[in-house]
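Asker: Please find one structure pasted underneath; my questions will follow.
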Amino acid sequence: MRKIRKISQKSSRVGRSALKITYSRRRRVNRGRTAQKQSARPLAHRSTPAYNLTRMEQRAVKAGFIAASVKDRDLLSSEHMQESLKAWYRDNMNLSGGTTVSSVLALSLAYRRGYALASRIPNLGIALPLQGTASAVVSVSNEEQTLPAVLAELRKLPLQEIIVVLNGCTDGSFAVIERDPRMSLISFPTRLGHDVSRALGSAVATGDIILFSDGDMSLLAKDLAAFLIAVDLGVDMALNNLTPFLPSMFSAQDDVTRCKTFLNRALGRSDLRANSMTAVPHALSRRAISTIGTSALIVPPKAQALALVRGLKVSAPHSVNVFRTNRIRSGNTGEGNAVAGLIFGDHMEALAEVMKSEGVRLRHITFSRSTLAKVRNAR
């Protein structure tokens, strides 16, 4: 009996091992068949933007690494990275899978990643393949606590100048500004407000692209870069897309949001929703500055309305949550606050301005009562 039991146990072990071998063989066969099927499929799916972007990001990382792997380490700098990226992008832009803001930004960040790995330079800036030059205008009024961080992020970008407009500062805002050859300071003893400060800054800016930000909120350089890229790709006015952060239901929106939405809808751009030049960051092209004039920037809704009726390309290409970092002041909180009242007045002024050239109906067709009755009765 013991011999029979031993033989049966041995045979069962053999059987189990045989099953394992058979199962592993089947898995190998199935893998081979799957690989054959995949290799036999057409490669059209590999030309999708998502696939190309991933491949191009890998190429960008490699290109950045190679660019920084030079014998002369003294050449390595943010400026060298900027020039080498522009050269690489110019030679490979046809393979990038479409020139959108997100794809250009992704490639730029990937190139920077490779360059940083090889160069080991701390606090390396962000290179962008911009065709033109770029300036930044920062409005400052008693922002000594946040201003250093704001300027630190701006210095990471390939800007030819950073114009800081100090207006009515009674704190140490002037003292906290670090020396930088790209920095220009404009100081006014009285408080002008953000809108007037931006208009003054744009009047002295020389870049092909002008980026606007405020000294009371520090925004990441990669978020600011998106607006530079958008204008470089042909947009005249790149607005901050606040739609993801605002209530979608009309009943849940505040009066300022409704006012902004109404102006865009009245001018035939309902797609812009409540996105407006009243919010930073935003960027303008040199063409936009020349078309609407720097004085129009004193009233942001007016500048936006003029841009729309004069055929400029306006879009909201990127979203930055400024509600989270916006500085709370006594005048911009609560129902019917002073800032809200100012914004209402600015929108009324914007409508009055465009009505001078577009008519009181703003090119909307006026139907007769009989025509409206026919349309209503036909339903």
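Just so you know, all these numbers are worked out from the coordinates, no wet-lab data involved. Being a predicted model, the structure only gives us computed values, none of them experimental. So basically every Cβ, Gly included, is an ideal-geometry build from the backbone, and we count neighbours across all protein chains shown.
Asker: In what order do 121, 209 fall by count of nearby beta-carbon atoms within 10 Å, going from fewest to most?
Answerer: 121, 209
Asker: Show me 57-69, 100-112, 135-147 ranked by packing, highest mean number of other Cβ atoms within 10 Å first.
Answerer: Sorting 57-69, 100-112, 135-147 by mean packing, highest first, produces 135-147, 100-112, 57-69.
Asker: In region 48-119, if the dipole is taken from +1 on Lys/Arg beta carbons and -1 on Asp/Glu beta carbons about the Cα centre, which of 61, 119, 84 is farthest to the positive end?
Answerer: 61
Asker: Per q in 0.14 1/Å, what log10 I(q)/I(0) does a Debye calculation on the alpha-carbon atoms of region 48-119 return?
Answerer: -0.39
Asker: Peptides 223-230, 293-300: what's the order by average Cβ count within 10 Å, highest mean first?
Answerer: Top of the packing list down: 223-230, 293-300.
Asker: Report, in listed order, any pair from 156/260; 62/222; 86/302; 86/222; 260/374 with a Cα-Cα distance greater than 24 Å.
Answerer: 156/260; 86/302; 260/374
Asker: Hey, got a sec? Which chymotrypsin sites (Phe, Trp or Tyr not before Pro) in region 257-357 land in a DSSP loop and have at most 15 other Cβ atoms within 10 Å?
Answerer: 323
Asker: Here's a follow-up. Could you please state, rounded to a whole Å, how far the C-alpha centre of region 292-315 is from the C-alpha centre of region 189-264?
Answerer: 12 Å
Asker: Calculate the dipole size of region 48-119 relative to its Cα centre from +1 charges on Lys and Arg beta carbons and -1 charges on Asp and Glu beta carbons; express the result in debye to the nearest 20.
Answerer: The calculation lands at about 200 debye.
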